[in-house]
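Colleague: Below is one structure. I have some questions about it.
Any read-out appearing in this document is the output of simple, stated calculations on the displayed coordinates, not a laboratory observation. Since the model is a prediction, treat every value here as computed from it, not as a measurement. Note that we place each Cβ from the backbone using ideal geometry, even for glycine, and neighbour counts take in every protein chain shown.
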Amino acid sequence: MWQAGQGGWSSFWDAVSSPEAVAALKLSLTVSVLVALINAVTGTAIAWVLVRDRFRGQSLVNSVIDLPFALPTIVAGLTLLTLYGPNSPVGIDVAFTRTAVLMALLFVTLPFVVRTVQPVLLELDQEMEQAAASLGAGSFAVFRRIVFPNLLPAILSGVAMAFARAIGEFGSVVLISGNLPFKTEVASVFIFGRIESNDSVAAAAVSVLLLFISLGVLLAIGALRHYATRFDHA
Amino acid sequence: MRRYGLRTFALGYLVVILLAPVAVIFYRAFEHGFWPAWHAVTTPDAKHAFLLTIELALIAVPLNTVFGVIMALLIVRHRFPGVGFVNAVVDLPLALSPVVVGFSLLLLYGRQGWFGHWLIAHGYRVVFAMPGMVLATIFVSLPFVVREVVPVLREIGTDQEAAASTLGSSGWQTFRRITLPAIRWAVGYGVVLTTARALGEFGAVSVVSGRIVGQTETLTIHVQAAYEGFDLVGAYAASVVLALLAVATLVLMTLLKPKEETR
């Protein structure tokens, strides 16, 4: 990593601010923010359905949530490309578009929010909700005032992990995005390309940025964990 | 009614993003029957890639298991300055792009790397060879055992360990008789996750291996190479092998999890 600093600050800056690097970083950042937001909603909804709902096959669904952790990313990318690519059996072709990048990232980040929210929801005492409901609160008000504040730290740390994962993701994106510079090339694919063409300075510069983003996210999660459990050691 | 709405939304999302794509890959692999797929995964290159992947996992998983347990003990049982920082940094492989991981190994051990120059001069090849791939696999699968064991260690507390040592048992005896039995399910769960990650690693290994067919090509890299070489059956068939390994992982995770919860 120190390679990035070898040419001094100015060569680092030149490498990071080259139009292609900026485009790749911008794409990674915007798509990852989007992925984080979508996961906050869908992840919480899935966790809710797994904990509070009862239906046949629920435990199977519960096991399947971890599939993106178990499935190699390159296979994840290939599966999406097969269903939503040029030879799609359902007639949807998003290959080599930004939508494809978004879908690949949604696939690999799916478990994060579900798996952080689920245990908190399980532990959550339903008496508070019943009390609120008996005092005349509608079900949305109960969710917003009682459930949501309790889940928020878990949602945030799940979202942060999903964001960190999304911004550095490589395997699942590499086949389906087509890696078109300025269009569908994400940061890690940009780095990979620069390594292949022996441009260590550019690769190292963007790597350092990604490294700092990851570290920042991890420290934020650590602080969040500390904050959420601040009353536990009373 | 709203309950069904939410259920439909959550399950529908799972089907569109997760289940339908994975189902299609099985369909595509066996579209022309079982034997073309079988022949595609038993070519010498595919077999070599498969064995190499297994070999990498066999080296990385035991090392990470031992390291993970030691690290978890350090984080939970010892107070030292910076323990919070160490705790956060252990997660780094989860958050860091695998390409960046591979690239940093390249910068350290490559031809122009810090150690690489000396290593190559003395006849050791790390990058584009087995040692580099082992390092990459170890790096990316590092956090899982630690992550699973830390909360369990916190929960069991130190009472029993303290009792054992007042009764005269040595540190190693206490660990083997008291601590290890208490954390064994968590270790097992962590090992399953570590194995899955090691078998499926792509980005970091892709950078450090050089992707030489029949030499440093792992099964995941073989999938990409086959797809890009228009060998679709080969790519799908190898993917099915990896997907089956993933399903086996899920089954093991499900089997290990309830035991851990009812402990």
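Colleague: Per 20 Å bin, what is the whole-percent P(r) computed from every C-alpha pair distance within the protein assembly as shown?
Modeller: Cα pair-distance distribution for the protein assembly as shown, in percent: 22, 55, 22, 1.
Colleague: Taking 2.2 N^0.38 Å as the expected size of a compact globular protein, what ratio does the Cα radius of gyration of segment B:74-145 give against it, to two decimals?
Modeller: 1.35
Colleague: Could you tell me, in Å, what Rg and Dmax come out for the Cα atoms of segment A:46-115?
Modeller: Rg and Dmax of segment A:46-115, Cα atoms, are 14.1, 39 Å.
Colleague: A further question on this structure: Between segment A:176-216 and segment B:47-79, how many Å separate their Cα centres?
Modeller: Cα centres, segment A:176-216 to segment B:47-79: 28 Å.
Colleague: For B:53-61, what's the mean count of beta carbons from other chains sitting within 10 Å of each residue's beta carbon?
Modeller: Whole-number average of other-chain Cβ neighbours for B:53-61 is 0.
Colleague: In segment A:54-138, what trypsin sites (Lys or Arg not before Pro) fall in a loop by DSSP, with at most 15 other Cβ atoms inside 10 Å?
Modeller: A:Arg54, A:Arg56
Colleague: Semi-axes of segment B:3-118's equivalent ellipsoid from the Cα gyration tensor, sqrt of 5 times each eigenvalue, largest first, rounded to whole Å?
Modeller: The equivalent ellipsoid of segment B:3-118 has semi-axes of 37, 29, 16 Å.
Colleague: What whole number of Å gives the distance from the Cα centroid of segment B:12-44 to the Cα centroid of segment A:7-68?
Modeller: Spelled out, the Cα-based centre of one part sits 25 Å from the other.
Colleague: What FRET efficiency would be calculated for the residue pair B:Thr43, A:Leu34, taking the C-beta separation as r and a Förster radius of 56 Å, to the nearest 0.05?
Modeller: With R0 = 56 Å, the Cβ-Cβ based efficiency is 0.90.
Colleague: Evaluate segment B:34-261: find the radius of gyration of its Cα atoms, find its Kirkwood radius, and give the ratio Rg to Rh.
Modeller: My calculation puts Rg/Rh at 1.05.
Colleague: Under unit Cβ charges (Lys, Arg +1; Asp, Glu -1), what dipole magnitude, rounded to 20 debye, does segment A:16-228 have relative to its Cα centre?
Modeller: Working: 12 positive and 12 negative charges, 50 e Å.
Using only the charged Cβ atoms, the result is roughly 240 debye.
Colleague: Summing -39500 (n - 2.57) over the DSSP H runs of n ≥ 4 in the protein assembly as shown and dividing by its residue number, what mean residue ellipticity at 222 nm do you reach, to the nearest 500 deg cm²/dmol?
Modeller: Calculated at 222 nm, the ellipticity per residue is -24000 deg cm²/dmol.
Colleague: Can you tell me what the convex hull of the Cα atoms of chain A projects to on average, as an area in nm²?
Modeller: On the way: hull surface 66.6 nm².
Approximately 16.6 nm², given one-decimal rounding.
Colleague: Another question, then. What FRET efficiency would be calculated for the residue pair B:Ser170, B:Tyr4, taking the C-beta separation as r and a Förster radius of 45 Å, to the nearest 0.05?
Modeller: 0.15
Colleague: Return the aspartates and glutamates within reach of A:Lys183: Cα separation strictly under 18 angstrom, same-chain partners fewer than 8 residues apart disregarded; answer none if there are no such residues.
Modeller: Leaving aside aspartates and glutamates fewer than 8 places away in the same chain, those within reach of A:Lys183 are A:Glu20, A:Asp93, A:Glu169.
Colleague: What angle, in degrees between 0 and 90 and rounded to the nearest 10, separates the Cα long axis of helix B:219-228 from the longest principal axis of the Cα atoms of chain B?
Modeller: For helix B:219-228, the angle is close to 30 degrees.
Colleague: If packing is taken as the mean number of other Cβ atoms within 10 Å per residue, what is the order of A:218-231, A:126-139, A:193-206, highest first?
Modeller: Per-residue mean Cβ counts within 10 Å order the peptides as A:193-206, A:218-231, A:126-139.
Colleague: Using θ = phi - 60° and the Karplus curve 6.51 cos²θ - 1.76 cosθ + 1.60, what whole-Hz ³J(HN,Hα) does each residue of segment A:61-67 get, with Gly and Pro shown as x?
Modeller: 4, 4, 6, 5, 3, 7, 3
Colleague: Calculate the dipole size of the protein assembly as shown relative to its Cα centre from +1 charges on Lys and Arg beta carbons and -1 charges on Asp and Glu beta carbons; express the result in debye to the nearest 20. Mind dumping the intermediate values first?
Modeller: Numbers: 32 positive and 28 negative charges, 172 e Å.
That gives the protein assembly as shown a dipole magnitude of about 820 debye.
Colleague: Given bins 10 angstrom wide, list per bin the percent of all Cα-Cα distances in segment A:1-98, short to long.
Modeller: 12, 22, 32, 20, 10, 3, 0
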